[in-house]
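Each reported figure results from applying straightforward, stated rules to the coordinates on display, with no laboratory input. Note that this is a predicted model, so its numbers are computed, not measured. No Cβ is skipped: glycine too gets one built from the backbone with ideal geometry, and neighbour counts run over all protein chains shown.
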Amino acid sequence: MKNITTNFNDKTVEYTQLLSDFKALLKVNSLKFTIQREVILETLYNSDEHLTPESLHHLIQNNFPDLKTGIATVYRTLSLLEESNMVTSLSFGAQGKKYELGAKEHHDHMICTNCGDITEFVDEEIENRQHAIASDLGFKMSDHSMQIYGLCKNCQDNEK
Ligand SMILES: [Zn+2]
Ligand SMILES: [Zn+2]
């Protein structure tokens, strides 16, 4: 899988920029730019949620019923985007993965391993500490991801 260089860290990217990166990515992988593939990118871009391939497919089916976008196309496009770091995935236990666009502003995640609920957070102290630790160890940090796993409030209440 060939890669194109895109730096999404800590910045929000304009859709036109994202789209032209996507077209370039498809090209180097000898894949055709199709309206179905564009709609996948666009739907991810416009969503504030972390989406499973199935929920992404569902959204597309609802919004663009005439396009007949297959779930296989969604899977394939998502893995292409993930391999080139344009989207990131979060695993939430045995149920699967949720995807979001890498172009979003940096944040960390709290993930419920029971229902898959994902909460985003940013803590300045944690961010700063990570930079300090890396620099103390002479490590040139380019990015980080932090996932906290456990049970959300709802799932804890349901356990009682
Ligand atoms: Zn939960
Ligand atoms: Zn997120």
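Data for the structure
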{"item": "Candidates Glu49, Glu38, Glu14, ranked by Gaussian network fluctuation over the chain, Cα under 10 Å, top entry", "result": "Glu14"}
{"item": "Orphan Cys of the chain, criterion: no other Cys C-beta under 4.7 Å", "result": "Cys115, Cys155"}
{"item": "Bridge type composition, the chain - antiparallel percent by DSSP, nearest 5", "result": "70 percent"}
{"item": "Contour excess over end-to-end distance, with Cα ends at Ser47 and Lys160 and 0.36 nm allotted per residue", "result": "37.3 nm"}
{"item": "Between the stretch 10-49 and the stretch 52-99, the Cα center-to-center distance that results, in Å", "result": "13 Å"}
{"item": "Rounded if a/c under 1.5, otherwise prolate or oblate - the stretch 1-132, Cα gyration tensor axes", "result": "oblate"}
{"item": "Too-long pairs where the Cα-Cα distance tops 30 Å, listed order kept, from Lys68/Lys153; Lys23/Lys153; Lys32/Lys140; Lys32/Lys98; Lys27/Lys140", "result": "Lys68/Lys153; Lys23/Lys153; Lys32/Lys140; Lys27/Lys140"}
{"item": "Gain upon complete extension [Lys23, Asp123; 0.36 nm per residue less C-alpha separation]", "result": "32.5 nm"}
{"item": "In the stretch 25-75, chymotrypsin sites (Phe, Trp or Tyr not before Pro) in a DSSP loop with at most 14 other beta-carbon atoms within 10 Å", "result": "Phe33"}
